[in-house]
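I have placed the structure first, in the form of structure tokens, so that the comments after it can refer back to it.
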Amino acid sequence: VQLQASGGGLVQAGGSLRLSCAASGLTVSSHIMSWFRQAPGKEREFVVGMSRSGISTDYADSVKGRFTISRDNAETTLYLQMNSLKPEDTAVYYCAASRRPIPMTDTRYYDYWGQGTLVTVSS
């Protein structure tokens with residue numbers, strides 16, 4: 001199993017980016033799929049998660065209304081559309097997957113992690 005995150009980069013405040021997480025060896029619809037982020041000197045924090053059905057999503061308050069999680073119909077890629085970016089969104093973003101029902105916000109329960117992609121938002 002491998003998760004490959006991509007799409008990060010440098011963007012000005014107010015701009016947008018779309019992150020991708022390409023999954024191999026697993027089907028995203030059979031896993032809880034989430035995005036986390038880790039800013040320099042801080043702990044990894046939950047951003048958003050999607051249930052296996054794709055019907056339920058859970059967003060951190062800090063990104064509600066600005067970020068959107070989605071997945072493709074081929075069920076191999078997870079996306080994170082990020083709009084109205086702020087300097088405080090600067091972090092390395094990670095995708096994660098769990099085979100089992102878990103508390104989405106808790107990093108301890110995930111089975112697989114991507115390598116991370118850096119997002120830098122300038123003011």
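The values are calculated or read from the model by the stated rules, or taken from the named source; none is laboratory data. If you're wondering where the values come from, they're calculated on a predicted model, not measured in any experiment. When we count neighbours, we look across all protein chains shown, and the Cβ atoms used for this are built from the backbone with ideal geometry, even at glycine. Only protein heavy atoms, including side chains, enter the accessible area calculation; ligands, DNA and RNA are left aside. Shrake-Rupley method; radii C 1.70, N 1.55, O 1.52, S 1.80 Å.
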Query - Solvent-accessible area per residue, Å², over the chain with all protein chains present [probe radius 1.4 Å] - result: 50 Å²
Report task. Using only alpha carbon pairs under 8 Å that are at least six residues apart, calculate the relative contact order of the stretch 3-123 and give it in whole percent. Result -> 37 percent
Query raised in the report: If you rank GLU88, GLU43 by how much accessible surface each has, with a 1.4 Å probe, what is the order from largest down?
Result: GLU43, GLU88
Report summary line: Carbon and sulfur atoms account, in whole percent of the 1.4 Å probe accessible area of the chain, for 46 percent
Requested in this report: Run the numbers on the stretch 1-70 and let me know its relative contact order in percent, using alpha-carbon pairs under 8 Å that are six or more apart.
Outcome: 21 percent
**Report entry** Distance from the stretch 31-46 to the stretch 81-123 (C-alpha centre basis), Å
**Finding:** 4 Å
Report summary line: Simple spin-label estimate for GLN38/VAL1, 7 Å along Cα→Cβ, in nm, reads 1.9 nm
**Report entry** Length added when fully stretched, TRP113-ARG99, from 0.36 nm per residue minus Cα-Cα
**Finding:** 3.8 nm
Query raised in the report: Which of TYR94, TYR59, TYR112 moves the most in a Gaussian network model of the chain with Cα springs under 10 Å?
Result: TYR112
Query raised in the report: Which whole-percent values make up P(r) of the chain when all C-alpha to C-alpha distances are grouped in 10 Å steps starting at zero?
Result: 15, 51, 30, 5
Requested in this report: With only Lys, Arg, Asp and Glu charged, each at its Cβ (+1 for the first two, -1 for the last two), find how big the charge dipole of the chain is about the Cα centre; round to the nearest 20 debye.
Outcome: 60 debye
Report summary line: Within the under-15-Å Cβ sphere about GLY9, not counting GLY9, Lys/Arg +1 and Asp/Glu -1 give a net charge of +1
Report task. Starting from the amide H of LYS86, placed 1.01 Å from N in the peptide plane, find each other amide H under 5 Å away whose residue is 5 or more places distant or on another chain. Result -> GLY14
Report summary line: Computed about the Cα centre, the charge dipole of the stretch 34-103 from +1 Lys/Arg and -1 Asp/Glu charges at the Cβ has a magnitude in debye, to the nearest 20, of 140 debye
